[in-house]
Amino acid sequence: MFLKRTFSRKFGDPASFLFKGQVWDSHLADSSPGDRNCDVCHRHIRFLFILKKTQTADPALPPEIGKLEIGRCCFHYFRKWNVDLFKELSVACQYELNREAAIRRDKKAFGKWARAARI
Ligand SMILES: [Zn+2]
């Protein structure tokens, strides 16, 4: 767990990050599972959320000067320091978890149907 000053020095001001609206699921990507790591804590993660680093915290068309790829393991850094980003990441994460659960449920149902139909 970094203090805000340490986080800012290593990655940039937490307020200067925006969600790019992009999430990588390492189970679906070409890369093998587990070979994606959170840029902040370096844990192996399944869902990778792409953040855009901007020059300023001004949300009016800020130029991108870098990016950060994090897992939900590090959303907590933005809970206080960038509340809007934290909310967006939380919603995006919940969407991914719901999608994954729906796929798992449908595969299970399809599997029963496929066995009954001898496919
Ligand atoms: Zn992390």
Report the local net charge at Leu97: Lys and Arg +1, Asp and Glu -1, summed over other residues whose C-beta lies under 13 Å from its C-beta. +2
Where in the stretch 90-105 does the amide nitrogen come within less than 12 Å of the point 7 Å from the Cα of Leu28, taken along Cα to Cβ? 95-104
Of the candidates Gly66, His76, Leu51, the farthest towards the positive dipole end of the stretch 4-116 (Lys/Arg Cβ +1, Asp/Glu Cβ -1, centred on the Cα centre) is His76
Place a +1 charge on the Cβ of each Lys and Arg in the stretch 4-116 and a -1 charge on the Cβ of each Asp and Glu, then give the dipole magnitude about the Cα centre in debye, rounded to the nearest 20. 500
Packing-based order for 4-15, 44-55, using average beta carbon neighbours within 10 Å, highest first: 44-55, 4-15
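Every read-out reported here was derived from the displayed coordinates using simple, explicitly stated rules and does not represent laboratory data. As the structure is a prediction and not an experimental result, all values here were calculated from the model. Here Cβ is always computed from backbone atoms with ideal geometry, including for glycine, and neighbour counts include all displayed protein chains.
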